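Written below as structure tokens is the structure these notes are about.
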Amino acid sequence: MEWETYCDDGTLPLLAIRHTQNMIFHAYYWMGIAFVCLCLMTAMMVWYFRQQQKRHPELVDLMADTSECELHKIQVNIYTNEIIIDGIAYPSRCQVVSLLDYLMKQPTHEISFTELNTVFNENFFDGSPASKRRISNLKYEVNDLLKSGGFEMTKVSADRFALTPINQRAS
């Protein structure tokens, strides 16, 4: 409305008014074309990702995996022998802290029984019933410490443990 009253009062030359109206028309025209292109590109991307999900359904679980983000809630302080979960510090013994520190640094957050010999000492696991009890006790201590934070150490195979969020266990 203001533009029309400004044009009608006669202060602007007619050529300037036509030129300005052409510029406004072209601006709206090209903004409309850009909007349509953006909508088409978005629709093509959505279509492409849905096709990929149909072709490779096993990748859907990988895309929705948030366990790595959740594991960042755990911090290990090897100097004070504390595990910090969501800002709350839990004191623990040296072996538990060393094990969690090792698990957090591994990309898969897994450890085999024989790898425990590199974390602790060469004779920690030798396959004997006593060494299996030590591992079982260590797993119990870790799970007891982490249960309040929503994490646990689970057995992924006959001789491997993994650090996982509790909600990942049911998957």
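Worth a mention:
- Degrees separating the helix 129-146 axis from the principal Cα axis of the chain, which is the longest one: 40
- Positive-pole candidate from I88, T11, M104, dipole of the chain, charges at beta carbon: M104
- Of all accessible heavy-atom area on the chain, the percent that carbon and sulfur account for (1.4 Å): 60
- Loop-resident chymotrypsin sites (Phe, Trp or Tyr not before Pro) (DSSP state other than H, G, I, E or B) in the range 67-170 with no more than 15 further Cβ atoms inside 10 Å of their Cβ: Y79.
- Remark: the D9-R160 segment gains 45.8 nm on full extension, using 0.36 nm per residue and subtracting the alpha carbon distance.
- Backbone HN-Hα couplings from phi across the range 72-86 [Karplus 6.51/-1.76/1.60, Hz, Gly and Pro as x]: 6, 6, 8, 10, 10, 10, 6, 7, 9, 6, 10, 10, 10, 10, 6
- Accessible surface, the chain, averaged per residue in Å² (probe 1.4 Å): 72
- Note on the chain: lysine pairs with Cα distance below 30 Å, sequence gap of 8 or more or different chains, count 14.
- Computed from phi, the 3J(HN,Hα) profile of the range 24-39 under the Karplus parametrisation 6.51, -1.76, 1.60 (θ = phi - 60°) reads 5, 4, 5, 5, 5, 4, 6, 5, x, 5, 5, 5, 4, 4, 4, 5 Hz, with x in place of Gly and Pro.
- Here, the range 1-55 is characterised by an Rg to Rh ratio of 1.43, where Rg is the alpha-carbon radius of gyration and Rh the Kirkwood radius.
- Helical runs assigned H by DSSP (4 residues or longer) give the chain a calculated mean residue ellipticity at 222 nm of -17500 deg cm²/dmol, each run adding -39500 (n - 2.57) before division by the residue total.
- Prolate/oblate/rounded label for the range 73-127 (Cα gyration tensor, a/c 1.5): oblate
- Distance from the C-alpha centroid of the range 3-29 to that of the range 131-150: 77 Å, rounded to the whole angstrom.
- Ratio Rg/Rh [Cα only; Rh per Kirkwood] for the chain: 1.45
The values are calculated or read from the model by the stated rules, or taken from the named source; none is laboratory data. Please read all numbers here as calculations on a predicted model, not as lab measurements. Reconstructed Cβ throughout: ideal geometry from the backbone, glycine too, with neighbour counts over all protein chains shown. Note: areas computed on protein heavy atoms with side chains; ligands, DNA, RNA excluded. Shrake-Rupley method; radii C 1.70, N 1.55, O 1.52, S 1.80 Å.
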